[in-house]
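To keep things clear, I will list the structure first and then write my remarks on it.
The values are calculated or read from the model by the stated rules, or taken from the named source; none is laboratory data. The structure displayed is predicted, hence computed values, not measured ones. With ideal geometry, Cβ positions are generated from the backbone for all residues, glycine too; neighbour counts draw on all protein chains shown.
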Ligand code: GLC
């Protein structure tokens, strides 16, 4: 096979045609509607017990944000729909040099939540009282704004003794162990936090999306079956799996994962896995003689360092860096750039397909209302070309209807959103 044919085959495997996109959108809508009424579905459709904040929320609130890569404790003031970040502290959960790892099986829930309590301790100052909102970005079934149960970890976290328990009870116990009188009053998903902040900013905000280490989306359900009222639903859309064009690379990643068979969409689009998919493609093209031909050194550098999402990003933007870092030819660097662009384009197009599914559900089968989609996360914010690729996909898939949709970067929903949720919860204490 000619050199380019291998590359072209790879590109084809990762293509999402507009016919496929609409098929995915329709499958997604069906999965939402099944999940919402409790039928078997890959979408968990978890109620959040929060809808649209009124906008008159006020006060100072603590927040803890547990996303999977970092944990952040912060203190915010909310007033007149505006926020002031009074203080914050952020710590990695895993040391890059391997000195500590708060995501491993050996870590107990107690150790993990003591670590969170310590973040709160560092910013609480003298007062030692107040209320706290917790952004806990993992699938949790909720029966109230402060009542949650972790269903299972995602993003390859394995901490023991947390699944099946209420993270806010564990947090409260840890705070008490440290003599901290701050009380957790709300627990939300990061997508929900992003949408809450967007609701403060845009009248038509009805979808919240995270494109970061993980991938997930939530939306505002106008008449939730549980309450008949507005409620944000955390779909756990990273677990969507109906009719996805899964490649052999995705399957290999899934088999190796600590949760095989789960989070299929997330494994295809999110930051945690993007570098791994790229590594597998690189290995395959190398084996086929379509990359690093006669340059064993380059493949060994990649094998040694591994690839992460940010490396995939620099394949796209910085050919010179690629040539220097992997000691490869211009031709090889161009192949790496094509790999990066292909993977990122697949991410953009798959996610847009699901967004169309959400809007089809909200607008009951035909998109006719304006929608603001609030998006946060490093893949949207920092990965080259992603916002433009998503806009282009929307126009390609929806034609003139795309004008009804605005994609907006909404930053720090997981901090500010938790403060809003705490403020809403405190009103009904
Ligand atoms: C994973 C989690 C989900 C979270 C997302 C983004 O998919 O299961 O709860 O929203 O990552 O952080």
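General observations
- Any hit, region 386-394, residues being in contact with a strand residue (DSSP E or B) (Cβ under 9 Å, 6 or more places away or on another chain) and farther than 25 Å from residue 337 by Cα: no
- Among the residues making up region 213-240, those that are outside any strand (DSSP E or B) and touching a strand residue (DSSP E or B) at 6+ places or on another chain (Cβ under 7 Å) are 224, 226, 230, 235, 236, 237, 238.
- Scanning region 418-428 finds one or more residues that are surrounded by fewer than 16 Cβ atoms within 10 Å (Cβ to Cβ), out of contact with any strand residue (DSSP E or B) (no Cβ under 7 Å at 6 or more places or on another chain) and closer than 30 Å to residue 185 by Cβ.
- Of the residues making up region 288-302, those that are assigned to a helix (DSSP H, G or I) and without any contact (Cβ under 8 Å) to a residue 24 or more places away in the chain are 296, 299, 300.
- Test for residue 125: is it away from the ligand (no atom under 16 Å from the Cβ), at pLDDT below 95, in contact with a strand residue (DSSP E or B) (Cβ under 8 Å, 6 or more places away or on another chain) and on the phi > 0 side of the Ramachandran plot: yes
- Scanning region 6-49 for residues that are farther than 21 Å from residue 389 by Cβ and free of Cβ contacts under 8 Å to residues at least 12 places away in the same chain yields 9, 34, 38, 39, 40, 41.
- Qualifying residue in region 155-173 (condition: surrounded by fewer than 24 Cβ atoms within 10 Å (Cβ to Cβ), in a loop (DSSP other than H, G, I, E, B) and within 9 Å of the ligand (Cβ to nearest atom)): yes
- Total residues in region 232-277 satisfying the condition of being under 12 Å from the mean Cα position of the chain (by Cα) and more than 13 Å from the ligand (Cβ to nearest atom): the figure is 0.
- Residue ID - nearest to residue 344 (Cα to Cα), chosen from residues in region 321-331 that are touching a helix residue (DSSP H, G or I) at 6+ places or on another chain (Cβ under 8 Å) and in a helix (DSSP H, G or I): 322
- The condition of being modelled with pLDDT of 95 or more, within 11 Å of the ligand (Cβ to nearest atom) and over 27 Å from residue 118 (Cα atoms) holds for only one of 198, 217, 205, that being 217.
- Only one entry of 307, 291, 265 meets the criterion of being surrounded by 16 or more Cβ atoms within 10 Å (Cβ to Cβ) and more than 30 Å from residue 328 (Cβ to Cβ), and that entry is 265.
- Condition broken by residue 206, with the remaining ones in (1) within 19 Å of the chain's Cα centre (by Cα); (2) under 17 Å from residue 363 (Cα atoms); (3) free of Cβ contacts under 8 Å to residues at least 60 places away in the same chain satisfied: (3)
- Any hit, region 2-22, residues being closer than 19 Å to residue 219 by Cα, modelled with pLDDT of 95 or more, surrounded by 14 or more Cβ atoms within 10 Å (Cβ to Cβ) and under 22 Å from the mean Cα position of the chain (by Cα): no
- Residues being exposed (fewer than 14 other Cβ atoms within 10 Å of the Cβ) and more than 23 Å from residue 183 (Cα to Cα) - total across region 85-98: 5
- Residues satisfying the stated conditions in region 381-429, i.e. more than 20 Å from the chain's Cα centre (by Cα) and part of a loop (DSSP other than H, G, I, E, B): 428, 429
- Of 106, 183, 82, all but one fail to be exposed (fewer than 13 other Cβ atoms within 10 Å of the Cβ), closer than 21 Å to residue 415 by Cα, over 24 Å from the mean Cα position of the chain (by Cα) and away from the ligand (no atom under 16 Å from the Cβ); the exception is 82.
- Evaluation of residue 152 against (1) within 14 Å of the ligand (Cβ to nearest atom); (2) in a helix (DSSP H, G or I) (one fails), failing number: (2)
- Pairs meeting the criteria (first residue in region 258-279 and free of Cβ contacts under 8 Å to residues at least 12 places away in the same chain, second residue part of a helix (DSSP H, G or I) and within 10 Å of the ligand (Cβ to nearest atom), beta carbons under 7 Å, at least 6 apart or on different chains) are lacking.
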